[in-house]
1. Looking only at the stretch 77-90, how many residues end up being open to solvent by 20 Å² or more (accessible area, probe 1.4 Å) and under 11 Å from the mean Cα position of the chain (by Cα)?
2. Going through the stretch 122-165 one residue at a time, which ones are aromatic (Phe, Trp, Tyr) and either surrounded by fewer than 19 Cβ atoms within 10 Å (Cβ to Cβ) or in contact (Cβ under 8 Å) with a residue 60 or more places away in the chain (or both)?
3. Which of the residues belonging to the stretch 105-117 are assigned to a strand (DSSP E or B) and either open to solvent by 60 Å² or more (accessible area, probe 1.4 Å) or of a type in the set (A, V, I, L, M) (or both)?
4. Do we find that ARG30 is in a helix (DSSP H, G or I), in contact with a helix residue (DSSP H, G or I) (Cβ under 9 Å, 6 or more places away or on another chain), farther than 22 Å from LEU176 by Cβ and at pLDDT below 80 in this structure?
5. ILE64 fails exactly one of the following numbered conditions: (1) open to solvent by 50 Å² or more (accessible area, probe 1.4 Å); (2) touching a Lys or Arg at 6+ places or on another chain (Cβ under 8 Å). What is the number of that condition?
6. Output the number of residues of the stretch 91-104 satisfying the condition of being surrounded by 15 or more Cβ atoms within 10 Å (Cβ to Cβ) and of a type in the set (Gly, Ala, Ser).
7. When ASN81 is evaluated against the numbered criteria (1) at pLDDT 80 or above; (2) in contact with a strand residue (DSSP E or B) (Cβ under 6 Å, 6 or more places away or on another chain), which criterion, by number, is the only one it fails?
8. Considering only the stretch 111-131, state which residues are out of contact with any Gly (no Cβ under 7 Å at 6 or more places or on another chain) and at pLDDT 90 or above.
Amino acid sequence: MMTPISFSNKTYALDGGSHYLIRPIQLDDRERIIGLFNHLSPESRYLRFAHAISKLPDDFLDDILHLDYKREMALVAVIANHSGTDEIVGIARYVTPPKKSSCEFSLSVSDSHATHGIGTHLMLDLIAHAKENGLQEMLGYVLSKNLKMLHLVSDLGFQITNLDDDPDFKTVSLLL
């Protein structure tokens, strides 16, 4: 596994005086990623994965933990929970197909932290990394009913278009 290309961990404030850290995903984050998934409501899981899912597949976990940093990046938002251990409360990732200058992103934030700016900061940091890595466009496929995500990407400057053959999804794109 290659190491991330010059990403500096960043700390952001939350209301109430607590903080969270955004950093690249690490190999030992497996259980924390499962914990994040387990803290997503069934609706949030559906909006993220576009179908009902009750458990993260092992191959998905392996893919997200073993990145080729020339083509992929995964950032996590980490907060110390009440017991003092680190908990992942959000994750943003992009993947670049071979021989392409565009990447496809995904984003998940735990339901309990969904309205605190964590998704915005994860996306801004992910976009900055994609630009630094020489990518020219970031794309996503968002369920039409995922209004929170559509609002977030709109605020970040993404163009939102309908898919001609699938009214359940919208394509969102940002030139980098």
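1. Total meeting the criteria: 0.
2. Answer for the stretch 122-165, where residues must be aromatic (Phe, Trp, Tyr) and either surrounded by fewer than 19 Cβ atoms within 10 Å (Cβ to Cβ) or in contact (Cβ under 8 Å) with a residue 60 or more places away in the chain (or both): just TYR141.
3. LEU107, VAL109
4. Against the criterion (in a helix (DSSP H, G or I), in contact with a helix residue (DSSP H, G or I) (Cβ under 9 Å, 6 or more places away or on another chain), farther than 22 Å from LEU176 by Cβ and at pLDDT below 80), ARG30 does not qualify.
5. Result: ILE64 fails condition (1) only.
6. The total comes to 2.
7. (1)
8. Scanning the stretch 111-131 gives THR120, HIS121, MET123, LEU124, ASP125, LEU126, ILE127, ALA128, HIS129, ALA130, LYS131.
The values are calculated or read from the model by the stated rules, or taken from the named source; none is laboratory data. In this text, all values refer to a predicted model and were calculated from it rather than measured experimentally. FYI the Cβ positions are ideal-geometry reconstructions off the backbone, even for glycines, and counts take in every protein chain you see. We work out accessible area using only protein heavy atoms, side chains counted, and drop any ligands, DNA or RNA first. Shrake-Rupley method; radii C 1.70, N 1.55, O 1.52, S 1.80 Å.
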